[in-house]
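Written below as structure tokens is the structure these notes are about.
The values are calculated or read from the model by the stated rules, or taken from the named source; none is laboratory data. In this text, all values refer to a predicted model and were calculated from it rather than measured experimentally. All Cβ positions, glycine included, derive from the backbone under ideal geometry; neighbour counts span all protein chains shown.
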């Protein structure tokens, strides 16, 4: 498998339910979120640690792309600064501007908004840069990111994109702009991974149609382990993410081993990554403070685990995006109804 050039990678991150532990399924949730200060907002465990480690690799850029309204910029930026996060671009949804123009459908449109933002941002960046994207399972991030990746690679025809945008209820005036923006992009298969945080613990079968490029994960150590596998991180960085889960979330050696083996069973990590973690701990390269014993016990469990020597080459599937969007929207509605039923 081709290793990444860490200095030629762009990272794109969603915020709500990907980086921040956010509830917005009811009107009460939305009102509460609007009045939260930066210090009140909670970070998904391990997310800040991973973002700081990625910044230290010297990437081509870290860009925040969120569906949160532009009016929340000040508090969201303050929260990221509290967590020690540095970024290169920060895109939020211009909800109020569109509301004042009477464009009410824009408030519910995630496909057109995120796809448009991704295409616009990519158009200003070098075609040689790779991308790694982070989202969650609350809406349609896996769909939008995969569609974007295949548009950049030249795998999706304009007529298919037009059908998708119509089905997604993107406004008629926006559709031609998005189709034109996609057609103008230099074609290169540059999206290396799409990470989906399983905030709602969606069944893994939901993501089968997307192929191995999409990697759903339960905790941020799993994401760090995959990034280690592809060369985006080194072993000490991945273990520092694990250490944060040990210290802040009381992860045990067994929990870390189960996380690694679970994602290995889905073909995202191999023995190569496990050996790098083991060598790092054995050599005592990093002082992991109170997490040290747990991490040593964890890598010992990996020594005897049955792991593939290396990852098998995976070809990307031919995705029927028109049909898949219908399935995704049905799943999203059902998931939201289940959440509302618990309130």
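Of note:
- Qualifying positions in region 203-229 - buried (at least 21 other Cβ atoms within 10 Å of the Cβ) and not in a helix (DSSP H, G or I): 214, 215, 216, 217, 219
- Residue satisfying condition, being touching a residue at least 40 places away in the same chain (Cβ under 8 Å) and touching a helix residue (DSSP H, G or I) at 6+ places or on another chain (Cβ under 6 Å), within set 179, 246, 226, 230: 246
- Looking across region 1-17, the residues that are out of contact with any helix residue (DSSP H, G or I) (no Cβ under 7 Å at 6 or more places or on another chain) and either at positive phi or not in a strand (DSSP E or B) (or both) come down to 1, 2, 3, 4, 5, 6, 7, 8, 17.
- Residues (touching a helix residue (DSSP H, G or I) at 6+ places or on another chain (Cβ under 7 Å) and not in a helix (DSSP H, G or I)) located in region 141-171: 156, 168, 169, 170, 171
- The residue list 82, 65 contains one member that is crowded, with 16+ Cβ neighbours inside 10 Å, in contact with a helix residue (DSSP H, G or I) (Cβ under 8 Å, 6 or more places away or on another chain) and at pLDDT 95 or above, which is 65.
- Selection within region 242-264 - within 20 Å of the chain's Cα centre (by Cα) and more than 15 Å from residue 303 (Cβ to Cβ): 242, 244, 245, 259, 262, 263
- Scanning region 191-206 for residues being modelled with pLDDT under 95 and in contact with a helix residue (DSSP H, G or I) (Cβ under 6 Å, 6 or more places away or on another chain) gives a total of 1.
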